[in-house]
């Protein structure tokens, strides 16, 4: 699945790096504590967070994350978006809470598991 597939499947807006939506997404990590994300997120993951400050771009770049999905309708400031453009980190924004966004992404990435769970 690519970042663009996610953009097409869930209600979100691209606020930076629309040219890099072809990146493969290998999983997702939900977290707002930067040190936790730095320690546990893996390359290729989509980071789901409520944080909007410029440091999120540094963490995403360092960890080689596919993109950042900012939840709860929070919007990064122009400095954060400019840094994301420079570092080539796509930032997506959604009004959904993190729990809902993570659930939708899990169903998109693992449709076989979601179908099995619904049948039980």
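Only the coordinates and a few stated rules stand behind these numbers; no lab work does. Nothing here was measured: the structure is a model prediction, and the numbers come from that model. Glycine gets a Cβ as well: all are built from the backbone with ideal geometry, and neighbour counts include every protein chain shown.
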Given the criteria closer than 23 Å to residue 8 by Cβ, free of Cβ contacts under 8 Å to residues at least 60 places away in the same chain and under 12 Å from the mean Cα position of the chain (by Cα), does residue 44 qualify? yes
Which one is farthest from the chain's Cα centre (by Cα), of the residues in region 101-115 that are part of a helix (DSSP H, G or I) and exposed (fewer than 14 other Cβ atoms within 10 Å of the Cβ)? 115
Would you check if there is a residue in region 54-64 being in contact (Cβ under 8 Å) with a residue 24 or more places away in the chain and in a loop (DSSP other than H, G, I, E, B)? yes
Do you know which of the residues in region 39-97 that are on the phi > 0 side of the Ramachandran plot and out of contact with any helix residue (DSSP H, G or I) (no Cβ under 9 Å at 6 or more places or on another chain) is surrounded by the fewest Cβ atoms within 10 Å (Cβ to Cβ)? 73
Matching residues in region 21-38 - criterion: being assigned to a helix (DSSP H, G or I), surrounded by fewer than 19 Cβ atoms within 10 Å (Cβ to Cβ) and touching a helix residue (DSSP H, G or I) at 6+ places or on another chain (Cβ under 8 Å): 34, 38
Being part of a helix (DSSP H, G or I) and out of contact with any helix residue (DSSP H, G or I) (no Cβ under 6 Å at 6 or more places or on another chain) is the filter here; which residues of region 1-18 pass it? 3, 4, 5, 6, 7, 8, 18
